[in-house]
1. For Arg43, indicate whether it is closer than 23 Å to Gln29 by Cβ and without any contact (Cβ under 8 Å) to a residue 24 or more places away in the chain.
2. Is it true that Asp99 is in a strand (DSSP E or B) and of a type in the set (Asp, Glu)?
3. How many residues, within the range 202-259, are polar (S, T, N, Q) and part of a helix (DSSP H, G or I)?
4. How many of the residues in the range 232-259 are in contact (Cβ under 8 Å) with a residue 60 or more places away in the chain, under 18 Å from Asn138 (Cα atoms) and of a type in the set (A, V, I, L, M, F, W, C)?
5. Any idea which of Asp142, Asp84 is modelled with pLDDT under 95 and surrounded by fewer than 24 Cβ atoms within 10 Å (Cβ to Cβ)?
6. Evaluate the following for Ile132: is it in a helix (DSSP H, G or I), touching a residue at least 60 places away in the same chain (Cβ under 8 Å) and among the β-branched types (Val, Ile, Thr)?
7. Among the residues of the range 54-69, is there at least one that is modelled with pLDDT of 95 or more, out of contact with any helix residue (DSSP H, G or I) (no Cβ under 7 Å at 6 or more places or on another chain) and within 18 Å of Glu193 (Cα to Cα)?
Amino acid sequence: MGQDERLRHAASFGAAATAYAEHRPDYAQDAVRWALESAPGLRVLDLGAGTGKLTATLVAVGADVTAVEPDPAMLTELRHALPDARALPGSAEAIPLPDASVDAVLAGNAMHWFDMAVAGPEIARVLVPGGILAGLWNVMDDRADWVAGLARVGGSAAIGPRDTPTSWRAATADLHLPKTGAAARFGSPEQAEFPHGQRRTADSLVATLATRAGMLVMPEQEREAALGRIHAFLESRPETMDGEFTLPMLTCVLRVRRL
């Protein structure tokens, strides 16, 4: 994806902020604990915090969280959902925090949108020595046959390059870590995966997939056709055709330490 296309996709979420807040999943607490287990403290920056899905999980595990989000509509949803959270406008490329002010920087389904040439030094700046940078992604567990079928029917706009375990491992092996001069400030990356799930119906899973960037930037007629195919598939499967079901997921974590 070129720079202009990446920016267009990254900027698409604000128009769907309310649906994003309603339908996107939270993050497995075990994944968050693993991300933070070797951090020197619990002052955590949730970077690209969106509507606060990861912020809420960080609060639940006892972290002292500051959320930073560039999109005003997403930030409004975060403040509505978590009125007691410290939530600031800002971006990975311009973090509104002092030097060495946090023990960990976490990003939930967001790190692939960062311009690491700029964001890498910024993240290193706000982290204390020995601090942790971790990206977390919720992916669909396509070891379940029906999920694998959904991935085929949904196409790349709905099920993207980090949305199944195998593609996530390949896409994040080193792609989203700080580059060039900032690379010397970070150690070797580690990956881990943690079981997770989300209770859905056919309608609410379609609504969830409609909040993916690839869907949001798609022409309306094409998007409606794609969502219709997904809904028809879900109504045809015994696992998903009748009432609520659990969407099997993994919260996948890429973790690196600031030197």
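The values are calculated or read from the model by the stated rules, or taken from the named source; none is laboratory data. Here the structure is a predicted model, which means the values were calculated and not measured. Because the Cβ atoms are built from the backbone with ideal geometry, glycine has one as well, and the counts that use them run over all protein chains shown.
1. On the way: closer than 23 Å to Gln29 by Cβ: yes; without any contact (Cβ under 8 Å) to a residue 24 or more places away in the chain: no.
When the stated conditions are applied, Arg43 does not pass them.
2. On the way: in a strand (DSSP E or B): no; of a type in the set (Asp, Glu): yes.
No: the conditions fail for Asp99.
3. At the first step, the residues of the range 202-259 found to be polar (S, T, N, Q) are 204, 208, 211, 221, 236, 240, 246, 251.
Right, trim to part of a helix (DSSP H, G or I) and you get 204, 208, 221, 236.
The qualifying residues number 4.
4. Looking only at the range 232-259, we keep the residues that are in contact (Cβ under 8 Å) with a residue 60 or more places away in the chain, and these are 233-234, 237, 239-240, 247-259.
Then keep just the ones that are under 18 Å from Asn138 (Cα atoms); that gives 247-255.
Now narrow it down to the ones that are of a type in the set (A, V, I, L, M, F, W, C): 247, 249-250, 252-254.
Residues that pass the stated criteria total 6.
5. On the way: Asp84 fails: modelled with pLDDT under 95.
Checking each option against the conditions leaves just Asp142.
6. On the way: in a helix (DSSP H, G or I): no; touching a residue at least 60 places away in the same chain (Cβ under 8 Å): yes; among the β-branched types (Val, Ile, Thr): yes.
No.
7. yes
So that you can scan it fast, the table gives a plain yes or no per residue for (1) hydroxyl-bearing (Ser, Thr, Tyr); (2) touching a residue at least 12 places away in the same chain (Cβ under 8 Å); (3) over 17 Å from Ala119 (Cα atoms):
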{"position": "Trp34", "(1), (2), (3)": "no, yes, yes"}
{"position": "Glu37", "(1), (2), (3)": "no, no, yes"}
{"position": "Thr51", "(1), (2), (3)": "yes, yes, yes"}
{"position": "Thr55", "(1), (2), (3)": "yes, yes, yes"}
{"position": "Ala67", "(1), (2), (3)": "no, yes, no"}
{"position": "Pro89", "(1), (2), (3)": "no, yes, no"}
{"position": "Glu93", "(1), (2), (3)": "no, yes, no"}
{"position": "Pro98", "(1), (2), (3)": "no, yes, no"}
{"position": "Ser101", "(1), (2), (3)": "yes, yes, no"}
